[in-house]
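The values are calculated or read from the model by the stated rules, or taken from the named source; none is laboratory data. Note that the structure is predicted; figures quoted are calculated from it, not measured. Heads up, the Cβs are rebuilt from the backbone with ideal geometry, glycines too, and the neighbour counts pull from every protein chain shown. These accessible areas exclude ligands, DNA and RNA; they are computed on the full protein's heavy atoms, side chains included. Shrake-Rupley method; radii C 1.70, N 1.55, O 1.52, S 1.80 Å.
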Amino acid sequence: MTYETIEVVPLTPRIGAIVSGINLAQPLNDTQLEDLHKALAAHLVIFFRDQALDPASLTRVGLYFGPLQKHALKGLPDHPEVRKLHADENSKHVSGEEWHTDMSCAEVPPMGSILYLHTLPPMGGDTVFSSMYAAYDALSDGMKDYLEGLTATHDGMLAFGRFDPHGNYPKAVHPVIRVHPVTGRKLIYVNRGFTSHINELDEREGRHILEFLYQQIEDPYFHVRFRWEPHSVAFWDNRCTQHLAVWDYFPHVRSGFRVQVEDARPQ
């Protein structure tokens with residue numbers, strides 16, 4: 001893959017790359033955006049260092065890739081499409097502390113998410129990403145055939161009920177195996193954070209199949225681990241990745257902002 005305006009350094013053969021040579025705080029031109037689209041499609045999640053962003057500039061970056069989707073949890077007063085992520089000594093839970101893909105409980109989950117962190121703990125606080133392409137490709141042909149055509153229910157209460165048990169959270173049904181609308185590749189689309197059950201199977205069988213798929217997704221051979229530094233950015237394709245925010249830094253502070261980019265209906 002060649003790029004005109006950026007340098008891209010892959011972190012693993014399957015997922016993850018560091019992008020340099022671009023300032024996200026400044027307006028981006030069409031060539032830069034084309035390069036970023038190519039890098040995201042090739043590497044699933046791309047990372048940037050030394051980016052001085054605020055909620056307004058993060059919103060502008062997100063809008064280059066499509067309309068922004070409001071999160072199920074409340075956004076900022078002046079930027080409702082921007083969600084603040086903050087953990088400190090008073091936190092009982094943190095967002096993303098188990099494997100998930102963002103807002104799969106929505107009828108149309110976001111295409112991607114862009115996270116900017118300005119404050120990091122002195123150690124820890126990494127995010128781990130997993131390739132759903134690689135997890136699917138490693139399944140046996142028999143298991144692929146078995147899963148084809150199955151659907152699963154994704155329930156927002158599973159992920160967000162711990163923050164507000166009285167919230168009215170979305171619930172949606174999606175294919176267990178979906179097709180990426182850009183690459184055409186198949187991928188696994190269930191996750192511990194949101195998926196409650198497989199609709200076509202009885203409870204016992206479905207529970208065991210989900211646990212098998214979760215263990216497949218959590219296989220480190222399909223992962224990249226990103227060590228954050230202050231003013232770093234991660235942009236991940238929410239359709240073909242899952243991630244885990246490792247909460248190993250309590251009671252220290254980890255803080256930033258995130259936006260989500262809208263997508264078409266999953267295939």
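Couple of notes before you dig in:
- Qualifying lysines (Cα of each under 18 Å from Cα of Lys84; at least 8 residues distant if same chain): Lys70, Lys74, Lys92
- Built amide H within the under 5 Å cut-off of Leu85, gap 5+: Gly256, Phe257, Arg258
- Gyration tensor over alpha-carbon atoms, the chain, equivalent ellipsoid semi-axes in Å: 28, 22, 18
- For segment 1-104, taking Cα atoms only, Rg and Dmax work out to 15.6, 46 Å respectively.
- A Gaussian network model of the chain, with springs between Cα atoms under 10 Å, assigns the largest mean-square fluctuation among Ser20, Ser131, Ser104 to Ser20.
- Assuming charge only on the beta carbon of Lys and Arg (+1) and of Asp and Glu (-1), the dipole of the chain about its Cα centre is about 260 debye to the nearest 20.
- Cα point-scatterer Debye curve for segment 162-267, base-10 log of I(q)/I(0) at q = 0.12, 0.19, 0.24 Å⁻¹: -0.58, -1.33, -1.49
- CD proxy at 222 nm, helix term only [per DSSP H run n ≥ 4: -39500 (n - 2.57); per residue of the chain; nearest 500]: -6000 deg cm²/dmol
- Separation of segment 13-70 from segment 98-132 is 15 Å, based on Cα centroids.
- The HN-Hα couplings worked out from phi for segment 13-21 by the Karplus form 6.51 cos²θ - 1.76 cosθ + 1.60 (θ = phi - 60°) are x, 9, 7, x, 7, 8, 10, 10, x Hz, whole numbers, x standing for Gly and Pro.
- Size-normalised alpha-carbon gyration radius of segment 33-178, reference 2.2 N^0.38 Å: 1.18
- Dipole of the chain, positive direction: furthest Cα of Gly256, Ala134, Val45, with charges on the beta-carbon: Gly256
- Sulfur and carbon atoms: percent of accessible area, segment 151-229 [1.4 Å]: 51 percent
- Accessible area of the chain divided out per residue, in Å², using a probe of 1.4 angstrom: 45 Å²
- Of the accessible area of segment 1-111, computed with a 1.4 Å probe over protein heavy atoms only, carbon and sulfur atoms account for 50 percent.
- Those lysines that a straight Cα-Cα span of less than 17 Å connects to Lys186, excepting residues fewer than 8 apart in one chain: Lys144
- For segment 130-135, backbone phi angles converted through the Karplus equation (6.51, -1.76, 1.60; θ = phi - 60°) give residue-by-residue couplings of 10, 7, 6, 5, 5, 5 Hz, Gly and Pro being listed as x.
- Interchain or long-range residues, amide H under 5 Å from Asp263's placed H: Met111
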